[in-house]
Amino acid sequence: MKTNKQFEQYRELNIKMHKASRDLGKSSLELECIECIGKKEEKITVRQMYEYLSHLSRSSVSRANSQLIRAGIVAGEINPNEGERRNSFLSLTNNGKEVYKTLLSYFS
């Protein structure tokens, strides 16, 4: 069970995320995906992203990533040289890096 302090921290974080979502014109799920990719300096695999966002369903994360790729915020590529398994890699584009910097300013 959450203590009062934990609840207040969660509530404050939620308010900041809602404000960032409204100002940037992106859903909070899309912003979580941008944050997850932006925290890594190099590319992140889709599998790592699913682990990081384990509180969300895979289909919702995939849908958000597809929207971000279409918007030109995230770049996706497939590495076919890994034998049987193909890994998909995601990284932020220049536009995505600007959105990530703006997002960080809401939480500092």
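Computed values, structure above
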{"read-out": "Answer from 37, 69 - the residue that is assigned to a helix (DSSP H, G or I), of a type in the set (A, V, I, L, M) and without any contact (Cβ under 8 Å) to a residue 24 or more places away in the chain", "value": "69"}
{"read-out": "Every pair of residues 6+ apart whose Cβ atoms lie under 6 Å, when the first sits in the stretch 40-62 and is over 17 Å from residue 76 (Cα atoms) while the second is of a type in the set (Val, Ile, Thr)", "value": "53/61"}
{"read-out": "Hits in the stretch 37-57 (condition: within 16 Å of residue 95 (Cα to Cα) and either in contact with a Cys (Cβ under 7 Å, 6 or more places away or on another chain) or modelled with pLDDT of 90 or more (or both))", "value": "37, 38"}
{"read-out": "Pair list, Cβ under 7 Å, 6 or more apart: the stretch 92-108 residue in a loop (DSSP other than H, G, I, E, B), other residue surrounded by 12 or more Cβ atoms within 10 Å (Cβ to Cβ)", "value": "93/73; 93/74; 93/75; 107/16"}
{"read-out": "Check on residue 15, among the aliphatic types (A, V, I, L, M), out of contact with any helix residue (DSSP H, G or I) (no Cβ under 9 Å at 6 or more places or on another chain) and at pLDDT below 85", "value": "no"}
{"read-out": "Of all residues making up the stretch 63-88, the number that are surrounded by 15 or more Cβ atoms within 10 Å (Cβ to Cβ) and modelled with pLDDT under 90", "value": "2"}
{"read-out": "Counted residues, the stretch 10-26 - those being exposed (fewer than 15 other Cβ atoms within 10 Å of the Cβ) and hydroxyl-bearing (Ser, Thr, Tyr)", "value": "1"}
{"read-out": "Of all residues making up the stretch 18-34, the number that are in contact with a helix residue (DSSP H, G or I) (Cβ under 9 Å, 6 or more places away or on another chain), among the small types (Gly, Ala, Ser) and not in a helix (DSSP H, G or I)", "value": "1"}
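The rows are residues; the columns are (1) among the hydroxyl-bearing types (Ser, Thr, Tyr); (2) touching a Ser or Thr at 6+ places or on another chain (Cβ under 8 Å); (3) touching a residue at least 60 places away in the same chain (Cβ under 8 Å).
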{"site": "5", "(1), (2), (3)": "no, no, no"}
{"site": "10", "(1), (2), (3)": "yes, no, no"}
{"site": "15", "(1), (2), (3)": "no, no, no"}
{"site": "19", "(1), (2), (3)": "no, no, yes"}
{"site": "22", "(1), (2), (3)": "no, no, no"}
{"site": "26", "(1), (2), (3)": "no, no, yes"}
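The values are calculated or read from the model by the stated rules, or taken from the named source; none is laboratory data. Computed from a prediction, not measured in an experiment: that's the story for all the values here. All Cβ positions, glycine included, derive from the backbone under ideal geometry; neighbour counts span all protein chains shown.
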